[in-house]
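Only the coordinates and a few stated rules stand behind these numbers; no lab work does. Computed from a prediction, not measured in an experiment: that's the story for all the values here. Neighbour counts run over all protein chains shown; Cβ positions are idealised from the backbone, glycine included.
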Amino acid sequence: MESNSTMLFSREVAEPLMLTLKTAAITLTLHLAAGVISGYLLTKGKSFFGFIADAVITLPLVFPPIATGFLLLLLLGRNGIIGQPLLAMGSEIIFSQSGVFIASFIAGLPLVVKSVQAAIAAMNPALSEAAWTLGKSRLQTYLFVVLPAIRHALLTGLILSLGRSLGEVGITLMLGGNIIGKTETVSLAVYNAVFEGNFEKAALLSFMLGLISLIMFYALKKISNT
């Protein structure tokens, strides 16, 4: 059995760690953009399409991850409605790092959108109405009035979504395939290590995952307090 110091610098630990950090960075950026855009769309009022979009976004929050991954596999697979045209263009999502990124993004997305949605619903509508009275457009009102007012809720949603994304396993198994050296994240590496009976490796990876989470959460908290 390898010692913890030797295992720490081994390829079987470094590769999942680098993929997890890369996934976290990409997912965090996408969640920030999704939170800002969804917040703007929510200020436009309710519509049937908005209701459908809200239901689809919320689905991963209430649906088992492995089942959500299966539905995405049907859509993004080789014969899927989305996957087939992409494959014809030379791009395949399933069993690639792109699948890992998509799984991470979808898993945490509801936590960002719901945080923004709740914050906007709790806002005093007089703030937006005052901006409109002063001649500001809807976009200007959102950028300079609404967004600053909900910034803490947005950052809270990012923190929660990041934690959810870092721990994602079910959807990633379906879309990424858990290919060692290619689509194996730290969470999947923990799963694999336990399955192999290598509890020392599982403990080390779990500690690293917790450390990454604490560092990122602390950074976001510092930003939210500025």
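As an exercise, use a Förster radius of 41 Å and the Cβ-Cβ distance of THR133 and TYR218 to find the FRET efficiency, rounded to the nearest 0.05.
Calculated value: 0.50.
Let me know the charge dipole size of segment 116-213 about its Cα centre in debye, to the nearest 20, where only the beta-carbon of Lys, Arg (+1) and Asp, Glu (-1) is charged.
Charge dipole, segment 116-213, about its Cα centre: 380 debye, nearest 20.
Where in the chain are the DSSP H helices whose C-alpha atoms run 27 Å or more along the long axis and whose mean Kyte hydropathy is at least -1.0?
Taking the DSSP H segments of the chain (at least 27 Å long, mean hydropathy at least -1.0), we get 11-42, 97-122, 199-224.
How far apart, in nanometres, would the label points at LEU75 and ALA121 be if each is projected 7 angstrom from Cα along the Cα-to-Cβ direction?
With each label placed 7 Å out from Cα toward Cβ, I get 2.3 nm.
So how much slack lies between LEU61 and ILE179, counting 0.36 nm per residue of separation and subtracting their Cα-Cα distance, in nm?
39.9 nm
Using the Cα atoms as the points, what is the convex hull volume per residue of the chain in Å³?
138
Under a Cβ-only charge scheme (Lys and Arg +1, Asp and Glu -1), can you give me the dipole magnitude of the chain about the Cα centre, in debye to the nearest 20?
800
If exposed means no more than 12 neighbouring beta carbons inside 10 Å and the site is in a DSSP loop, what's the longest run of the chain without any exposed trypsin sites (Lys or Arg not before Pro)?
79-226
What number, rounded to the nearest 500 deg cm²/dmol, is the helix-based mean residue ellipticity at 222 nm of the chain, given -39500 (n - 2.57) per DSSP H run of at least four residues and division by all its residues?
Rounded to the nearest 500, it is -24000 deg cm²/dmol.
Looking only at PHE95, PHE199, PHE70, which one moves most when the chain is put into a Gaussian network model with springs between Cα atoms under 10 Å?
The residue that fluctuates most here is PHE199.
State the answer as a single residue: which of LEU41, ILE106, TYR142 lies farthest towards the positive end of the charge dipole of the chain, with beta carbon charges of +1 for Lys and Arg and -1 for Asp and Glu, about the Cα centre.
TYR142
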